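A short write-up of the structure that comes next.
What follows is calculated from the coordinates using simple rules that are stated; it is not laboratory data. Quantities reported herein were computed from a predicted structural model and do not represent experimental measurements. Cβ atoms come from the backbone with ideal geometry, glycine included; neighbour counts cover every protein chain shown.
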Amino acid sequence: MGPSERHEGVLPPGQRLQRGWPVTHYGPVPRFKPDRWDFQVFGATADGAKHAWDHEEFSALPYATVMADFHCVTKFSMLGVEWGGVAAAELLRLAPPAPEVTHVMVWAEYGFSSNLRLSDFAAGTSIFATHRGGEPLTAEHGFPARLVVPHLYAWKGPKWVRGVEYMTADRRGFWEERGYHNVGDPWSEQRYSYQEEPGEGPEL
């Protein structure tokens, strides 16, 4: 049983049920230019090489679906959402990390980033979503791809994702440098960095 399945359909502490899907993000919505878009996996790869897919190639990767809940740190939750796209596990298979990799940094447009433990990224429910409920994502919700890691707060899954960096040591991402918790488990209400226990994140 995966981390998301243990609590499926149950609201974490401090959350409220949301019927719609609010738009929450920092900064402007990027314009999608298919001829300039690519998705890269780089850093400590097993073969030492950078791997890249253009939009046509990325869209042709095996399509997976995940039914999972969605918990935003702003205290709204959506239950039983169907996500479609490319499983994180598929990218790990196509571009394996070196054995010493412990974390990943997920990079998005405008240099936005979010760090994850490799185990969270590799979870069976982690997906680079291109669709929700069978329909393509809108630009405001992250088209052409956003990462969804259902067992963590939603900021851990950036919109407008452009790549993944394999890391052999942890490094804080955009919100993690600005006071958000380094792990982001909604069941433990890990919202802010002042709540971190020793070992849960690099020094601020």
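Residues that are among the hydrophobic types (A, V, I, L, M, F, W, C), in a loop (DSSP other than H, G, I, E, B) and within 15 Å of residue 83 (Cα to Cα) within the range 142-159 comprise 143, 145, 149, listed in sequence order.
From the list 151, 141, pick out the single residue that is under 14 Å from the mean Cα position of the chain (by Cα) and surrounded by fewer than 21 Cβ atoms within 10 Å (Cβ to Cβ). Going through 151, 141 in turn, just one is under 14 Å from the mean Cα position of the chain (by Cα) and surrounded by fewer than 21 Cβ atoms within 10 Å (Cβ to Cβ): 141.
Does the range 170-186 include one or more residues that are among the hydrophobic types (A, V, I, L, M, F, W, C) and either surrounded by fewer than 17 Cβ atoms within 10 Å (Cβ to Cβ) or outside any loop (DSSP other than H, G, I, E, B) (or both)? No: zero hits. When the range 108-132 is filtered for residues that are within 15 Å of residue 45 (Cβ to Cβ) and surrounded by fewer than 21 Cβ atoms within 10 Å (Cβ to Cβ), the ones remaining, listed by number, are 118, 122.
Conditions (1) out of contact with any strand residue (DSSP E or B) (no Cβ under 7 Å at 6 or more places or on another chain); (2) farther than 15 Å from residue 91 by Cα; (3) of a type in the set (A, V, I, L, M, F, W, C); (4) without any contact (Cβ under 8 Å) to a residue 12 or more places away in the chain, marked per residue:
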residue: 118; (1), (2), (3), (4): no, no, yes, no
residue: 121; (1), (2), (3), (4): no, no, yes, no
residue: 131; (1), (2), (3), (4): no, yes, no, no
residue: 143; (1), (2), (3), (4): no, yes, yes, no
residue: 153; (1), (2), (3), (4): no, yes, no, no
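Annotation note: Cβ proximity below 9 Å between a residue of the range 185-204 that is within 19 Å of residue 171 (Cβ to Cβ) and a residue that is assigned to a loop (DSSP other than H, G, I, E, B) and of a type in the set (Gly, Ala, Ser) (sequence gap 6+ or interchain) occurs for 190/184; 192/179; 193/179; 193/201; 202/169; 204/179. Hey, does the range 179-196 have a residue that's within 28 Å of residue 33 (Cα to Cα) and of a type outside the set (D, E, K, R)? Within the range 179-196, not a single residue is within 28 Å of residue 33 (Cα to Cα) and of a type outside the set (D, E, K, R). Residue count for the range 83-113 under the criterion of being of a type in the set (A, V, I, L, M), more than 12 Å from the chain's Cα centre (by Cα) and in a helix (DSSP H, G or I): the result is 4. Of a type outside the set (Ser, Thr, Tyr) and without any contact (Cβ under 8 Å) to a residue 24 or more places away in the chain, is that true of residue 178? Criteria met by residue 178. A Cβ distance below 8 Å, combined with a sequence gap of six or more or placement on separate chains, defines the contacts here; from the range 46-72, residues that are touching a residue at least 60 places away in the same chain (Cβ under 8 Å) reach residues that are assigned to a helix (DSSP H, G or I) and among the aromatic types (Phe, Trp, Tyr) in the pairs 72/155.
Restricting to the range 187-198, name every residue that is closer than 21 Å to residue 9 by Cβ and assigned to a helix (DSSP H, G or I). 187, 188 - these are the residues of the range 187-198 that are closer than 21 Å to residue 9 by Cβ and assigned to a helix (DSSP H, G or I).
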